[in-house]
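Some notes on the structure that comes next.
The values are calculated or read from the model by the stated rules, or taken from the named source; none is laboratory data. Since the model is a prediction, treat every value here as computed from it, not as a measurement. Glycine gets a Cβ as well: all are built from the backbone with ideal geometry, and neighbour counts include every protein chain shown.
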Ligand code: BT5
């Protein structure tokens, strides 16, 4: 019911009277007033009074199932987990997906993480004000195409940042998102498969949004959207755009990946650069030439000599 009150306030251009709300929702005006009071307690700035009409002036910078449900497509209805604090949204998403939940899709969001993870078990600093989320999708495709989801996620993040803030975000292979050369976002893909067929994908996304870089522990070379812009961003809008982009492109990961690859190349900070690549075994130097159809990095390690790398860190 509270969600319906909120939806009506959001959809209206001007004030909505208590009477209209009550009639539309088939409740008393007193009930409407109580819902408005609850929303105000939650941080919604709602102007007006019973006989003038209510106006939604601003929404709190906090994730809630109500807000997220109103924002996301129907596939997510009833499949959103939104918590104040969590060890890791990826861990929670994996546990739920493995138990058959979050189907056909799902979202786990936390205001902060106590055990956020990067790739290769590295820690991921996740203070309040960031966007720490895991999207569970179940596209029908061979498990070996799952790695492509990391490139898709990086493209979705970089494009959504550009659209919501105007900031020029670039991608560093394989899936770091940078602003002015500093890391603002990272992606951690996990999955489950059976007999070579993907069961579910967990797309873990971390974005440094509404906090300052000083809030990050033991991290160098990072930035945050608030630091870059000098003001907070609309985290909800950013999250919504990212999920939309993931949903649009995920079904095509196996057979229609060209548009994502092209977008990735356009946003790349890596192609053409002189790099050092650490693949966990060796460190090689060379020039990054391109990515292949699965997102492997093609590096010219010596004149006329090219190698493809599937994983690693570059500097
Ligand atoms: C990543 O790993 O960039 C993937 C990060 C994914 C985080 C999301 S948050 C939601 C979901 N739940 C999780 O538990 N994880 C996902 P990698 O490329 O390995 O980068 C890790 C390195 O980045 C660390 O070793 C630090 O040096 C640095 N780092 C840690 N926290 C950072 C932050 N908030 N911003 C920028 N860099 C950070």
(request) Scan the range 50-74 residue by residue and report those that are without any contact (Cβ under 8 Å) to a residue 24 or more places away in the chain and surrounded by fewer than 18 Cβ atoms within 10 Å (Cβ to Cβ). (result) 57, 58, 60, 65, 74
(request) Please tell me if residue 7 is under 16 Å from residue 58 (Cα atoms), exposed (fewer than 15 other Cβ atoms within 10 Å of the Cβ), at pLDDT below 90 and out of contact with any strand residue (DSSP E or B) (no Cβ under 6 Å at 6 or more places or on another chain). (result) yes
(message) Within the range 272-293, take every residue that is in a loop (DSSP other than H, G, I, E, B) and without any contact (Cβ under 8 Å) to a residue 24 or more places away in the chain and give me the one that is farthest from residue 76 (Cα to Cα).
(response) 282
(request) Provide a single number: the residues in the range 111-124 that are more than 8 Å from the ligand (Cβ to nearest atom) and either over 20 Å from residue 68 (Cα atoms) or in contact with a helix residue (DSSP H, G or I) (Cβ under 9 Å, 6 or more places away or on another chain) (or both). (result) 2
(message) Pairs needed: first member in the range 216-231, more than 15 Å from residue 180 (Cα to Cα); second member anywhere, within 11 Å of the ligand (Cβ to nearest atom) and at pLDDT 95 or above; C-beta distance under 6 Å; at least 6 residues apart or different chains.
(response) 216/125; 216/222; 217/125; 219/125
(request) Name the one entry in 127, 142, 174 that is within 9 Å of the ligand (Cβ to nearest atom) and surrounded by fewer than 20 Cβ atoms within 10 Å (Cβ to Cβ). (result) 127
(message) For the range 88-110, give me the residue count where each residue is touching a residue at least 24 places away in the same chain (Cβ under 8 Å) and more than 17 Å from the chain's Cα centre (by Cα).
(response) 5
(request) Report, by residue number, each residue of the range 180-203 that is touching a strand residue (DSSP E or B) at 6+ places or on another chain (Cβ under 8 Å), part of a strand (DSSP E or B) and either away from the ligand (no atom under 12 Å from the Cβ) or on the phi > 0 side of the Ramachandran plot (or both). (result) 191, 192, 193, 197, 198, 199, 200, 201
(request) From 134, 112, 126, grab the single residue that is modelled with pLDDT of 95 or more and not in a strand (DSSP E or B). (result) 126
(request) Among the residues of the range 232-259, count how many are over 19 Å from residue 200 (Cα atoms), in a helix (DSSP H, G or I) and touching a residue at least 40 places away in the same chain (Cβ under 8 Å). (result) 7
(request) Taking the residues in the range 204-224 that are buried (at least 23 other Cβ atoms within 10 Å of the Cβ) and within 9 Å of the ligand (Cβ to nearest atom) as candidates, determine which candidate is farthest from residue 132 (Cα to Cα). (result) 224
